[in-house]
Structures are given as C-alpha cells and as structure tokens.
C-alpha cells in the first residue's frame with residue numbers, strides 16, 4: 001500500500017515537471033519569436049509595367065529677333081526693359097554722339113593708311129617681279145656655265161686616264177728579263193758541281209804535292225844512302241871498268257882508286273856508281289847487264305819489286321834482291337879493263353853465259369830502294385801534273401756563282417713601278433667616274449636653281465587683304481554715318497517682347513545682338529530637360545500633355561525635338577510646339593508623358609529590390625532547422641532587373657521563379673541567414 005502511494009506521488013511529480021517544462025518551452029519560444037523580425041512576402045506575378053514621366057519646363061518664343069548696331073560704340077541711354085511689349089519703330093537705345101564722331105575719324109584714317117599701304121605693296125610687287133626675272137636669267141647662265149665647266153673636268157679626267165694607261169703600257173713593254181726558275185736551278189746545280197769538282201781537285205792537288213814532296217824526300221834519302229854506301233865500300237876492286245849493255249847501248253867507265261891509279265878516282269868512282277845504277281836499272285828492264293870493275297854480272301832475275309811500283313825501300317831480307325839472288329843468263333857480254341899505271345891489265349870479251357864476280361846484296365837493296373823511290377816520285381809528278389792540267393782546264397772555263405740579286409731587285413722595282421702605275425690608272429679612272437657624277441650633281445643643282453627661279457615667290461596678298469579691309473571699314477564707316485544721321489538712335493523694326501538686353505548705359509556695344517525680341521507673329525514652344533532614365537520612356541512624336549501656369553488648363557502636343565543637352569550634362573532637351581494662341585513667353589508648366597511596357601512573367605514590388613554597389617538583390621524566405629525546431633530564415637539572392645517603375649520591378653527568370661516567396665516588407669533590417677517570422681497578416 002505504501003509502495004503504491006509512493007508510486008503515485010512519483011507519477012504526479014513527473015507530470016507536474018513535464019507540464020512546467022512545456023509551459024517554459026512555450027514561454028521561451030514566445031519570447032524568442034517576439035524578438036525576431038516580422039516579414040511580409042509575396043510571390044512574383046505576371047504583369048505589364050506602366051511608366052509616367054513628369055518634367056517641369058517653360059514657354060519660350062519660337063523665333064527671336066536680334067536688334068544690333070555697330071560694336072564698340074558707347075551706349076548713352078536704354079529706353080526699354082525686359083518683358084516690354086513693343087511695336088515697330090520703338091526707340092530702344094541711343095549712342096554717344098562725340099564717341100560716334102571719333103569712331104568715324106578713326107575709320108577714315110585707317111582707310112587712308114590702308115590705301116597708302118596698297119600703293120607701297122604695288123611698287124614692291126613690281127620690284128620683286130624684276131628681281132625674279134633677273135634671278136631666272138642668272139640661273140640659266142649658271143646652268144650653261146656649269147655644263148661647260150663639268151665637261152672640261154670630264155675631258156681632263158679622260159686625258160689623265162689616257163696618260164696613266166700609256167705610262168703603264170710603256171712600262172709593261174719594258175719588262176726586265178727574268179731568268180726562269182728551271183734555268184736558275186740548272187745554273188746553280190752546274191756551279192755547285194763545278195765548285196765541288198774544283199774544291200776536290202784542290203784538295204787532291206794539296207794531297208798530291210804532299211805526296212810528291214814526300215817522294216822527292218824519299219828519293220833523295222835513297223840516293224844519299226846509295227852514294228854513302230858506294231863511298232864507304234868502294235867500286236868493287238878499285239880498277240877502272242868499262243862495261244856496256246847491249247840492251248842499253250851505253251858505255252860505263254868506272255875506276256877504283258889503287259896505288260898508281262887515276263888521281264880523280266874517287267869522284268869518278270861515284271859518278272860511275274850513279275851511271276852504273278842507271279844502266280843496271282835499264283839492263284834489268286831489258287834482260288841483260290854490263291859489268292865494269294865491280295866484276296859486273298848479267299843476271300836474268302829481277303829485283304824484289306817492280307821498279308815503278310810503290311814497293312818499300314830495302315828489298316828483301318837476303319841482301320836486297322828479289323828472286324833467287326843469282327845472276328844467270330846467256331847472251332850477255334862482259335868486258336873488264338884494268339888500268340895499272342895507265343896500262344890495261346887485260347881485257348876479256350865474254351859472250352854467252354859467262355859469270356862475273358859475286359854481287360853486293362846491300363848495294364842492290366839500296367839501288368832497288370832508289371828505283372822504288374824514283375818510281376814513286378815519277379808517279380806523284382804524273383799525278384800532280386794531271387791534277388794541274390784539270391785545274392788549268394777548270395780555270396780556263398770557270399763557272400761563276402749564279403747571283404740573281406740584281407735581276408730580282410730590278411724585277412721588284414719593275415713590279416713596284418707597275419703597281420704604282422696601275423694605282424695611278426685606277427685613281428685616274430675613279431676621278432673620271434667621279435667627275436661624271438660631279439657633273440650630274442652640279443647639273444641637278446643648277447637645274448633645281450633654274451626651277452626655283454621659275455617658281456612664283458610666296459604669294460603676297462597684301463593688296464587683296466588691304467582691299468578687303470578697306471571694304472570692311474567702308475561698310476562700318478557707312479553704318480557710323482547712317483547712325484550719325486539718325487542722331488545715334490536705334491529703333492525696333494518688328495513687334496515683339498523684349499527677352500534679352502545685352503547692353504548697359506555708359507558701356508560699349510558688344511559684338512552680337514544688343515537687344516533680343518520674341519516674335520509675336522509665331523506660335524510658342526515648351527522647353528524642358530529630361531534625365532537619362534526619363535528619356536527611356538519619351539521619344540520624338542510622342543503625344544504629351546502640358547499643364548501651363550496656375551490655371552490648370554491642359555493642352556496636348558507632340559515632342560518635336562529630343563537631343564542631348566549642351567547646358568546640362570547627362571540630360572536631354574525636349575521641345576513641344578504649342579498650338580497658336582496658347583501660352584505666353586516665360587510661362588512655366590509641367591509636361592506629362594506615359595507609356596506601357598510589355599508583359600513580364602516575374603514582377604515584384606519595387607520596394608523588395610535592394611541595391612549594393614550597383615548589384616541588385618532581393619531576400620527570399622527559406623526554411624531551416626533551429627534549436628527550437630523548424631524555423632524561417634532570409635536568404636539573399638542577386639537578381640537582374642529588366643524594368644522598373646515607382647511600384648513594381650521586372651526580374652529576369654533563373655534566380656527566382658513564380659513559387660519563390662519574396663520578402664517585400666520587414667520590421668527590421670535583414671541580412672543573409674537572419675531568422676524571421678511571418679507578420680500578423682500571415683499568422
């Protein structure tokens with residue numbers, strides 16, 4: 001039982017808690033909702049937009065008449081005011097008479113000066129014409145002189161070319177002889193060979209002379225050795241001997257010194273030895289010998305070496321004879337005579353194979369050595385003689401060393417002169433060509449001077465300008481004179497209303513109109529200025545309504561003129577012509593024009609469109625989840641406005657559609673993502 005009571009209490013407390021929580025939720029949601037911006041929304045609708053243009057303006061004259069007079073005159077008095085309605089011949093203003101007289105005098109003096117200037121200009125023009133004619137004649141003379149002078153220069157240049165070419169031709173015809181390289185090489189080779197041979201012969205001569213001197217010295221030494229031997233050993237037995245060789249056909253007398261002998265036995269013995277030696281050599285050469293007091297021997301053998309060879313002196317080791325050292329032979333005759341006291345000891349004629357006394361080997365060796373030395377001396381003499389003959393022959397027909405320095409120098413000088421002459425020819429030809437070009441330049445310049453002289457000088461329009469100014473000043477003078485005749489008074493020629501007065505008393509009349517009148521004979525026009533936006537809905541020939549003045553009277557007219565304003569940048573001037581009799585100059589009014597656009601599928605109230613830095617946008621309503629459940633929020637969407645009037649705006653399709661809820665009014669400023677709630681009308 002107690003448990004059930006406790007359970008009921010808990011259940012009751014829970015219900016009370018949830019009721020309180022629900023009430024708190026409702027209360028907090030109410031408080032939260034009360035603080036949210038209230039918005040009104042509309043969906044886009046299809047409609048056409050109407051445009052109404054109202055512009056303030058003023059009625060002006062359709063045609064204005066200007067009243068002017070000569071500028072520069074001093075105004076004395078003005079007799080009309082702005083807005084005065086005047087008729088023809090109404091006095092408008094007058095000018096100072098004294099000032100008018102001064103202006104007339106100034107104009108007359110200026111005209112007189114211009115006429116004098118014209119006379120001076122006329123005389124100067126005639127003088128200039130004479131100068132031009134003189135300059136033209138002189139230029140023609142200069143042209144002819146230039147032609148003659150340049151032809152003379154060309155002729156001189158041609159003569160210079162001919163002279164230079166003649167010198168060159170003469171030089172080329174006097175070309176020095178130039179030995180060909182082949183001939184030069186041949187001469188050099190011949191001289192080289194000759195020089196080599198001569199030097200070789202000279203060396204051989206020196207060598208041969210040395211050999212000859214050595215052979216002579218050797219011969220003298222051998223002869224002296226033989227003579228010394230004979231002198232030391234006597235003449236083989238000391239008797240006088242007379243031997244002759246059949247082969248040589250000579251007699252040899254020899255005597256040896258003994259008691260009762262010849263007193264000149266010693267000298268005779270030496271002479272006999274020499275003769276004996278010679279005969280012995282000749283006998284050996286012929287195959288026999290004749291022996292005197294040395295017991296002579298006829299030997300058939302030969303000495304140990306050729307008598308004309310180059311064998312060494314001294315012969316062989318067995319006593320200086322070659323062969324077997326014996327003398328054999330037949331057919332040799334030997335005779336011996338001995339003189340003792342002047343009587344011959346006896347004589348013996350030996351023929352055929354007899355034998356004489358024994359030979360002396362040392363003497364034979366010395367004789368053979370002498371013969372060898374003589375043979376070498378003779379051989380050296382022949383060699384020296386042969387070499388001398390060759391040298392003599394070479395000296396008779398000597399070879400001169402080829403020297404082409406003079407020839408080459410002459411050729412180089414010739415070539416240098418040739419190059420100089422060729423350069424002279426080229427220079428002369430260049431000068432000739434330059435003289436031709438110089439003539440062309442000179443003639444061109446002279447021709448241009450002739451042409452310049454024929455051209456008319458700068459036009460002098462002084463006469464014409466002065467005459468024009470004289471005519472202008474005469475017109476002004478006539479106006480001054482007419483105004484003077486009218487006592488300086490200026491009158492209106494038409495009926496009208498004074499709309500502008502551009503002069504002041506005491507001041508000088510400016511250029512242009514002095515007084516402007518509105519022509520009352522023409523209808524008026526209404527002029528206004530439109531903005532660029534207003535100009536979109538107004539065009540030429542559109543029918544508009546005009547409310548003029550305060551009477552509330554309204555008239556209709558057509559736009560006759562619509563163009564960019566010159567006085568109001570960015571504006572456009574519009575003109576509407578009024579019906580005749582309507583309006584008055586200076587009357588204000590309002591022009592009203594209306595137009596209907598095409599039908600747009602999406603239009604919304606104009607107040608729903610906002611602009612930021614030239615970008616148009618709207619706020620649309622979307623749903624989102626919040627802490628208290630689903631809630632409404634504002635979302636910014638950029639749009640492109642196609643058309644707009646003061647109530648509605650046409651939006652381009654794409655960013656919104658016909659089902660999009662557009663926020664058109666709000667109690668607070670909105671921003672992207674702001675939580676909102678519907679206003680009382682939606683609730």
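The values are calculated or read from the model by the stated rules, or taken from the named source; none is laboratory data. Remember, it's a predicted structure, so these values are computed and weren't measured experimentally. Every residue, glycine among them, receives a Cβ derived from its backbone with ideal geometry; neighbour counts consider all protein chains shown.
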**OP:** For region 394-405, state whether one or more residues are under 16 Å from residue 197 (Cβ atoms), without any contact (Cβ under 8 Å) to a residue 60 or more places away in the chain, outside any helix (DSSP H, G or I) and in the same structural domain as residue 227 (by TED's automatic domain parsing).
**Re:** yes
Original post:
Counting just the residues of region 486-499 that are touching a strand residue (DSSP E or B) at 6+ places or on another chain (Cβ under 8 Å) and exposed (fewer than 14 other Cβ atoms within 10 Å of the Cβ), which one comes out nearest to residue 520 (Cα to Cα)?
Top reply: 493
Subject >> Selection from region 81-96 of residues that are surrounded by 14 or more Cβ atoms within 10 Å (Cβ to Cβ) and more than 16 Å from residue 519 (Cβ to Cβ) >> reply: 91, 93, 94, 95, 96
Subject >> Only one of 415, 374 that is in a helix (DSSP H, G or I), more than 33 Å from the chain's Cα centre (by Cα) and without any contact (Cβ under 8 Å) to a residue 12 or more places away in the chain >> reply: 415
Subject >> Residue under evaluation residue 83, criteria (1) within 30 Å of residue 522 (Cα to Cα); (2) modelled with pLDDT under 85; (3) part of a strand (DSSP E or B), criterion not met >> reply: (3)
Original post:
How many residues does region 447-499 contain that are touching a residue at least 40 places away in the same chain (Cβ under 8 Å), in a loop (DSSP other than H, G, I, E, B) and over 30 Å from residue 132 (Cα atoms)?
Top reply: 6
Original post:
Taking the condition touching a residue at least 24 places away in the same chain (Cβ under 8 Å), under 30 Å from residue 440 (Cβ atoms) and under 43 Å from the mean Cα position of the chain (by Cα), does residue 162 pass?
Top reply: no
**OP:** Would you mind finding the one in 663, 656 that is crowded, with 16+ Cβ neighbours inside 10 Å, over 10 Å from residue 39 (Cβ atoms) and in the same structural domain as residue 605 (by TED's automatic domain parsing)?
**Re:** 656
**OP:** Report yes if residue 53 is more than 30 Å from residue 644 (Cα to Cα) and at pLDDT 80 or above, otherwise no.
**Re:** no
